[in-house]
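The values are calculated or read from the model by the stated rules, or taken from the named source; none is laboratory data. Quantities reported herein were computed from a predicted structural model and do not represent experimental measurements. With ideal geometry, Cβ positions are generated from the backbone for all residues, glycine too; neighbour counts draw on all protein chains shown.
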Amino acid sequence: MIRPPCPARCLPLVRCIGALLALSLPAAPAWCAWPHRTNVNLPVSSEFGAQQSPVSVPDGEGGAILVWQDHRGSNWDVYAQRVDAAGTALWAPGGIPVCSADGDQMAPVAVSDGAGGVIVAWQDNRLDFFLGWDIYALRINAQGELPLGWPSCGIAMALSGKLEFAPVIAPDGAGCAYVAWEF
């Protein structure tokens, strides 16, 4: 199929769209304030042991809150760190423990709370080390503290005595979150 040439009346529109596209493209790559060289890293946690399964959420001020599972002790625990737009850690060096209860806390997921903090959910076997995974959740405010009314090491979302695992999380638009999981 042969396409007919563009009528003369369309050419000004084509030139206008082309000019708008050219103006909207950046002249050069934009770099954030963090190191962008491949041989320079920005450590969030340099603790001994394994740090795995990182997730991040924006903090609403140009920075981010990072959450991960951490094996710096005898069990897997969940840790978090807030960094500003320049990549400076704002909470304790190496991150703060979201939960370091007995057993393992793994597979963290997170969403912003809309106020500079984070809501984290994870699978947890503190009550039955061999067979039971449960789901817990916790909110941490922008200062890295538990808001009033939140217990340390989270609120149990599922304690059925079955295997609850693989949590997912979504914001509810009002500072809280929906948590779902497999069992």
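I'd like to know if segment 125-133 contains one or more residues that are modelled with pLDDT under 95, of a type in the set (F, W, Y) and surrounded by fewer than 20 Cβ atoms within 10 Å (Cβ to Cβ). Steps first, answer last, please.
We begin by selecting, within segment 125-133, every residue modelled with pLDDT under 95; these are 125-133.
Next, from what is left, pick out any that are of a type in the set (F, W, Y): 129-130, 133.
Filter again for surrounded by fewer than 20 Cβ atoms within 10 Å (Cβ to Cβ), leaving 129-130.
Yes, there is a match, as at least one residue in segment 125-133 is modelled with pLDDT under 95, of a type in the set (F, W, Y) and surrounded by fewer than 20 Cβ atoms within 10 Å (Cβ to Cβ).
Out of everything in segment 80-98 that is buried (at least 22 other Cβ atoms within 10 Å of the Cβ) and not small (G, A, S), what residue ends up being nearest to E182 (Cα to Cα)? Write out each step before concluding.
Narrowing segment 80-98 to residues buried (at least 22 other Cβ atoms within 10 Å of the Cβ): 80-82, 95, 98.
Among the residues that remain, those that are also not small (G, A, S) are: 81-82, 98.
Values: Q81: 27, R82: 29, V98: 22 Å.
Result: V98.
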Number of positions in segment 63-97 that are in contact with a Cys (Cβ under 8 Å, 6 or more places away or on another chain), among the aliphatic types (A, V, I, L, M) and closer than 21 Å to P167 by Cα: 1
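Among the residues of segment 115-130, is any closer than 21 Å to K162 by Cβ, assigned to a strand (DSSP E or B) and within 14 Å of the chain's Cα centre (by Cα)? Explain how you work it out, then say what you get.
Initially, segment 115-130 is screened for residues closer than 21 Å to K162 by Cβ, giving 121-130.
Okay, now just the ones that are also assigned to a strand (DSSP E or B), so 121-128.
From the residues that got through so far, the ones that are within 14 Å of the chain's Cα centre (by Cα) too are 121-122.
Yes.
Output the residue which, of all residues in segment 50-98 that are among the small types (G, A, S), more than 20 Å from I135 (Cα to Cα) and part of a strand (DSSP E or B), is nearest to the chain's Cα centre (by Cα).
Filtering segment 50-98 for residues that are among the small types (G, A, S), more than 20 Å from I135 (Cα to Cα) and part of a strand (DSSP E or B), the one nearest to the chain's Cα centre (by Cα) comes out as A64.
Going by what's in this entry, would A115 be described as farther than 18 Å from S53 by Cβ, surrounded by fewer than 14 Cβ atoms within 10 Å (Cβ to Cβ), in contact (Cβ under 8 Å) with a residue 40 or more places away in the chain and not basic (K, R)?
Numbers: farther than 18 Å from S53 by Cβ: yes; surrounded by fewer than 14 Cβ atoms within 10 Å (Cβ to Cβ): yes; in contact (Cβ under 8 Å) with a residue 40 or more places away in the chain: yes; not basic (K, R): yes.
For A115, the condition - farther than 18 Å from S53 by Cβ, surrounded by fewer than 14 Cβ atoms within 10 Å (Cβ to Cβ), in contact (Cβ under 8 Å) with a residue 40 or more places away in the chain and not basic (K, R) - is met.
When segment 131-183 is examined, which residues are found to be assigned to a strand (DSSP E or B), more than 20 Å from D77 (Cα to Cα) and without any contact (Cβ under 8 Å) to a residue 40 or more places away in the chain?
First pass over segment 131-183, keeping only residues assigned to a strand (DSSP E or B): 132-140, 155-158, 165-171, 177-182.
After this cut, where a residue has to be more than 20 Å from D77 (Cα to Cα) as well, the list is 170-171, 177-178, 180, 182.
Y178, A180, E182 - these are the residues of segment 131-183 that are assigned to a strand (DSSP E or B), more than 20 Å from D77 (Cα to Cα) and without any contact (Cβ under 8 Å) to a residue 40 or more places away in the chain.
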